[in-house]
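Remarks on the structure that follows.
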Amino acid sequence: MPTVFTHSTPAQRVRFGAGRATEQVVAEVALLGARRVLLVVSRSAATAGAAIAAAVPVAATLDRAVQHVPAELVATARGVALDAAADAIVVVGGGSAVGLAKAVAIDTGIPVVAVPTTFAGSEATDVWGITEHGVKTTGADPRALPVAVVYDSALLAGLPADLAVASGLNALAHCVDSLWAPKADPINAAAAAEGMRLLATGLRGLHRAARDQVALEQVMAGAYLGAIAFASAGSGLHHRICHVLGGAYGLPHAPMHAVVLPFVVGFNAPAAPEAAARITAALRGSDAAGAIRELEADLGAPTSLAELGFDPDRAREAAGLILPAVPQGNPRPVHVQDLEGIVAAAAGHAATRPAEQERPTS
Ligand code: NAD
């Protein structure tokens, strides 16, 4: 953990309250003085979108969101925003819908109010991503950060269990990776630690009762804390690996993160004792990777990349693609053989078992 750091806390208002999304959005639109709202809404959030549309001055609506934010869709959405002379964007949906709103905001400067319906956490970061010709480009831009986030657990009560688990574990990955990412610092480590505790407790609660409001709110709060920690600390080894795997092999975003996470933790933990202790304590396990694996087993999370469609025989090829993306300052040096071991193990090949990974090597 560095003792010299510069930490910026992005300015964003957070409103929290079950069943209050519409009134909270109305308050935000009033604060912005907006009169022509572009409503971006996931099909899965149509009911919430309709309630909000009835309460704010909507000038145009976009009801299509696609994973990884295709450039053609962004061009259409920007055109709609400009034609409608929109002065605010209200987005209701998962990370894909929020991503589309952010992509419009970076070009037009129109402020965004986000109402998330998954635990993706994109609403709390200034990171945008756009995919063109199969290549996803990402960047950070202050205009991409929503001015306000409205969390309403009632909107997540219908989230299918497998989606809730994968999305929640993706949020856990934000927390974990922020502990050793290039700009890790004690402020985002504190947010990440509390985020991990809330996510583990809440996800176990949701596993027992899918619509439990307290558990939903624990996961939402944990996901927010993970997102702000991640936005501040930057991408660590886990996210760099997943970014390459997702782009090169088209693996589903959240489940892939759930599968890869314990293997990266098993690799890094021996060289990052403070981070490992935080993970172990937050998850109440006996070791960092084991605690994550135990949580994932309790939740019935996917356990191999092979079951997500990755060919284990491509682990060596994948390692070669990941190597140039390895972040500077990872707690231990990362060689191509290490990456091959992590990917092969995550793929379901027993090339490197987690217990062996936790032993420090050169
Ligand atoms: P998503 O938005 O694609 O949603 C997944 C599925 O769940 C969709 O079919 C959607 O319609 C459905 N859904 C959403 N909310 C629902 C609800 N409440 N009830 C029922 N169904 C619902 O996926 P996601 O995991 O939320 O987001 C993934 C995307 O977000 C990826 O493109 C990823 O790159 C991006 N992301 C970006 C950041 C960032 O900081 N920029 C952070 C995390 C994720």
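Of note:
- Residue in the stretch 235-244 that is assigned to a helix (DSSP H, G or I) and of a type in the set (D, E, K, R) present: yes
- Selection of the stretch 100-125 for residues being over 13 Å from residue 171 (Cα atoms), open to solvent by 10 Å² or more (accessible area, probe 1.4 Å) and among the small types (Gly, Ala, Ser) yields only 109.
- Every test in (1) within 14 Å of the ligand (Cβ to nearest atom); (2) without any contact (Cβ under 8 Å) to a residue 40 or more places away in the chain; (3) not aliphatic (A, V, I, L, M) is passed by residue 202 save one, and that test is (1).
- Near pairs, Cβ below 6 angstrom, 6+ apart or cross-chain, from the stretch 184-197 (closer than 20 Å to residue 168 by Cβ and assigned to a helix (DSSP H, G or I)) to any residue that is among the small types (Gly, Ala, Ser) and open to solvent by 10 Å² or more (accessible area, probe 1.4 Å): 188/232; 193/282; 196/282; 197/282
- Among (1) open to solvent by 60 Å² or more (accessible area, probe 1.4 Å); (2) closer than 23 Å to residue 223 by Cα; (3) small (Gly, Ala, Ser), the one test that residue 50 misses: (2)
- As a summary of the residue check, residue 250 satisfies the conditions (1) at pLDDT 95 or above; (2) over 28 Å from residue 90 (Cβ atoms); (3) surrounded by fewer than 23 Cβ atoms within 10 Å (Cβ to Cβ); (4) not hydroxyl-bearing (Ser, Thr, Tyr) except for the one numbered (1).
- Spans of helices (runs of 4 or more DSSP H) in the stretch 8-123 with at least 3 residues small (Gly, Ala, Ser) and within 30 Å of residue 195 (Cα to Cα): 46-53, 95-108
- Residues that are on the phi > 0 side of the Ramachandran plot and more than 7 Å from the ligand (Cβ to nearest atom), drawn from the stretch 86-142: 109, 133, 134
- So residue 182, is it within 10 Å of the ligand (Cβ to nearest atom) and within 29 Å of residue 305 (Cα to Cα): no
- Of residues in the stretch 129-145 being in contact with a strand residue (DSSP E or B) (Cβ under 7 Å, 6 or more places away or on another chain) and open to solvent by less than 50 Å² (accessible area, probe 1.4 Å), the one modelled with the highest pLDDT: 144
- Leading residue by the ranking (most open to solvent (accessible area, probe 1.4 Å)) among those in the stretch 153-165 that are within 22 Å of residue 257 (Cβ to Cβ), touching a residue at least 12 places away in the same chain (Cβ under 8 Å) and within 7 Å of the ligand (Cβ to nearest atom): 163
- Of the residues making up the stretch 62-85, just one is at positive phi, open to solvent by 30 Å² or more (accessible area, probe 1.4 Å) and in contact (Cβ under 8 Å) with a residue 60 or more places away in the chain, namely 68.
Each row is one residue, and each column tells you yes or no for (1) open to solvent by less than 30 Å² (accessible area, probe 1.4 Å); (2) within 19 Å of residue 10 (Cα to Cα); (3) modelled with pLDDT of 95 or more.
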position: 147; (1), (2), (3): no, yes, yes
position: 151; (1), (2), (3): yes, yes, yes
position: 205; (1), (2), (3): yes, no, yes
position: 218; (1), (2), (3): no, no, yes
position: 228; (1), (2), (3): no, yes, yes
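- Odd one out for residue 171 among (1) at pLDDT below 95; (2) buried (at least 24 other Cβ atoms within 10 Å of the Cβ): (1)
- Among residues of the stretch 305-334 that are closer than 21 Å to residue 184 by Cα and in contact (Cβ under 8 Å) with a residue 60 or more places away in the chain, those with a Cβ under 7 angstrom from a residue that is open to solvent by 80 Å² or more (accessible area, probe 1.4 Å) and part of a helix (DSSP H, G or I), sequence gap 6+ or separate chain, pair up as 325/243.
The values are calculated or read from the model by the stated rules, or taken from the named source; none is laboratory data. All of these numbers come straight from a predicted model, not from anything done at the bench. Backbone-built Cβ (ideal geometry, glycine too); neighbour counts: all protein chains shown. Calculation scope for accessible area: heavy atoms of the full protein, side chains included, ligands and nucleic acids excluded. Shrake-Rupley method; radii C 1.70, N 1.55, O 1.52, S 1.80 Å.
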